[in-house]
Amino acid sequence: MVKELELSTNEKELIISGLKEGIRLDGRGIDDFRSLKITLGPEYGRSEVKLGDTKVLAKVSCEVARPYPDRPNEGILTLNTELSPMAFAGLEPGRPSEEEVLVSRILEKAIKINRAVDVEGLCIVANELAWSIHVDVHFLDNDGNIIDAACIAAISALSHFRRPDVTVIGEDVTIHPVDQRNPVPLSIHHTPICVTFAFFENGDLWVVDPSLKEEQIRRGDMIIAINNHKEICVLSKAGGLPLEMHTIIQCSKLAASKVDWVREKIQDAIANAAEVEKRCYLILLLFLFILYEF
């Protein structure tokens with residue numbers, strides 16, 4: 001388990017008293033996210049997410065593999081998470097922490113089990129060849145709410161990723177290098193985004209996107225993943241305070257609005273990455289033209 005320095009009694013009382021007045025240590029309201037910055041590229045499938053001071057890097061890669069015998073017409077999607085001692089000073093090496101296990105399970109439920117990616121579209125030849133997609137999530141800095149940051153990084157990286165194009169003629173399979181044919185984006189069915197809530201005292205006090213200090217004094221939490229169709233893909237509450245039904249409904253409605261905001265950020269990041277790629281291509285053409293002229 002990752003061991004963090006415990007807050008003093010004065011710090012705990014200051015946080016709780018501020019929450020009772022609707023004020024948080026960083027100046028946010030109880031229903032406000034921290035600033036969110038998503039950087040895609042330079043290569044396809046690389047996403048760096050900064051949520052406040054929490055920083056997560058996701059990298060998508062692919063390879064050709066044999067599909068599983070019980071799913072001969074589907075490709076393979078694998079999600080891996082890695083907590084770094086650089087982000088978690090008290091990390092015990094040699095075994096996964098509770099946080100790492102929780103993050104892995106939430107991402108598996110939200111993305112893989114809910115079939116956010118069209119794995120049937122990854123099949124090349126049934127029972128013979130299929131694309132195996134790997135999503136590696138690395139935690140670079142931790143200031144709270146690593147689950148939301150990891151989910152945003154994974155979804156944005158998958159949306160930005162391109163795999164090599166494939167041609168199948170009879171029994172001949174040709175994988176085209178990206179410099180010979182434009183790579184192909186993944187088919188994304190839906191984009192689930194996680195929103196985390198932390199609860200304090202008897203459950204009447206709660207915040208969205210908790211910071212590290214708020215996580216240290218919370219008495220319970222709840223994670224809701226909602227996709228672009230307004231469907232709840234995951235609702236996870238691992239212990240802690242029992243919650244009233246009206247509180248869960250209120251948090252679900254707030255999560256839906258926050259997911260729309262996050263999705264706009266992802267779309268803007270993808271558009272910016274495409275614009276940068278276009279400019280680099282034009283500069284390359286100009287350079288080749290000048291080189292040819294001289």
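Across segment 218-258, the qualifying residues are those that are of a type in the set (D, E, K, R) and either out of contact with any Pro (no Cβ under 9 Å at 6 or more places or on another chain) or within 27 Å of SER8 (Cα to Cα) (or both), and the one among them that is surrounded by the most Cβ atoms within 10 Å (Cβ to Cβ) is ASP221. For segment 32-68, residues that are in a loop (DSSP other than H, G, I, E, B) and either of a type outside the set (Lys, Arg) or without any contact (Cβ under 8 Å) to a residue 60 or more places away in the chain (or both) total 12. I'd like to check something: does segment 273-288 contain any residue that is open to solvent by 90 Å² or more (accessible area, probe 1.4 Å), under 19 Å from the mean Cα position of the chain (by Cα) and within 15 Å of VAL49 (Cβ to Cβ)? Taking every residue of segment 273-288 in turn, none turns out to be open to solvent by 90 Å² or more (accessible area, probe 1.4 Å), under 19 Å from the mean Cα position of the chain (by Cα) and within 15 Å of VAL49 (Cβ to Cβ). Exactly one residue among ALA130, ALA110 is small (Gly, Ala, Ser), modelled with pLDDT of 95 or more and outside any strand (DSSP E or B), and that residue is ALA110.
I'm checking my understanding of the structure. Among residues of segment 53-68 that are of a type outside the set (Ser, Thr, Tyr) and open to solvent by less than 20 Å² (accessible area, probe 1.4 Å), which one is farthest from ARG105 (Cα to Cα)? Among those residues, the one meeting the criterion is PRO67. Checking each residue in segment 25-79 for being among the aromatic types (Phe, Trp, Tyr) and over 30 Å from LYS213 (Cα atoms) picks out TYR44, TYR68. Of everything listed in (1) open to solvent by 50 Å² or more (accessible area, probe 1.4 Å); (2) in a strand (DSSP E or B); (3) over 18 Å from ALA154 (Cβ atoms), the single unmet condition for ARG71 is (2). When ASP143, ASP172, ASP165 are screened for being within 19 Å of LEU57 (Cβ to Cβ) and among the charged types (D, E, K, R), only ASP143 passes. Restricting to segment 74-91, give me the number of residues that are in a strand (DSSP E or B), at pLDDT below 95 and buried (at least 19 other Cβ atoms within 10 Å of the Cβ). Residues flagged as in a strand (DSSP E or B), at pLDDT below 95 and buried (at least 19 other Cβ atoms within 10 Å of the Cβ) within segment 74-91 amount to 2.
If the requirement is being more than 22 Å from ARG163 (Cβ to Cβ), among the β-branched types (Val, Ile, Thr) and open to solvent by less than 30 Å² (accessible area, probe 1.4 Å), which of these qualifies: ILE38, ILE23, ILE15?
Details: ILE38 fails: more than 22 Å from ARG163 (Cβ to Cβ); ILE23 fails: open to solvent by less than 30 Å² (accessible area, probe 1.4 Å).
Answer to the check: ILE15.
Given the criteria farther than 30 Å from THR9 by Cβ and at pLDDT below 95, does ASN202 qualify? Taking the combined requirement at face value, the residue does not satisfy it. The conditions of being closer than 30 Å to GLU43 by Cβ, touching a residue at least 60 places away in the same chain (Cβ under 8 Å) and β-branched (Val, Ile, Thr) are met by VAL234.
Let's see how each residue does on (1) part of a loop (DSSP other than H, G, I, E, B); (2) surrounded by 16 or more Cβ atoms within 10 Å (Cβ to Cβ); (3) touching a Leu at 6+ places or on another chain (Cβ under 8 Å):
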position	(1), (2), (3)
LEU158	no, yes, yes
VAL168	no, no, no
THR174	no, no, no
ARG181	yes, no, no
ALA198	no, yes, no
ASN202	yes, no, yes
PRO210	yes, yes, no
GLN216	no, yes, yes
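Go through segment 114-128 and give me each residue that's among the hydrophobic types (A, V, I, L, M, F, W, C) and either touching a helix residue (DSSP H, G or I) at 6+ places or on another chain (Cβ under 9 Å) or farther than 21 Å from GLY170 by Cβ (or both).
Going residue by residue through segment 114-128, those that are among the hydrophobic types (A, V, I, L, M, F, W, C) are 116-117, 119, 122-126.
Residues satisfying the conditions are ALA116, VAL117, VAL119.
The values are calculated or read from the model by the stated rules, or taken from the named source; none is laboratory data. These numbers were taken from a predicted model, which means no experiment stands behind them. Here the Cβ is made from the backbone with ideal geometry for all residues, glycine too, and neighbour counts use every protein chain on show. Heavy atoms of the whole protein, side chains included, go into the accessibility calculation; ligands, DNA and RNA do not. Shrake-Rupley method; radii C 1.70, N 1.55, O 1.52, S 1.80 Å.
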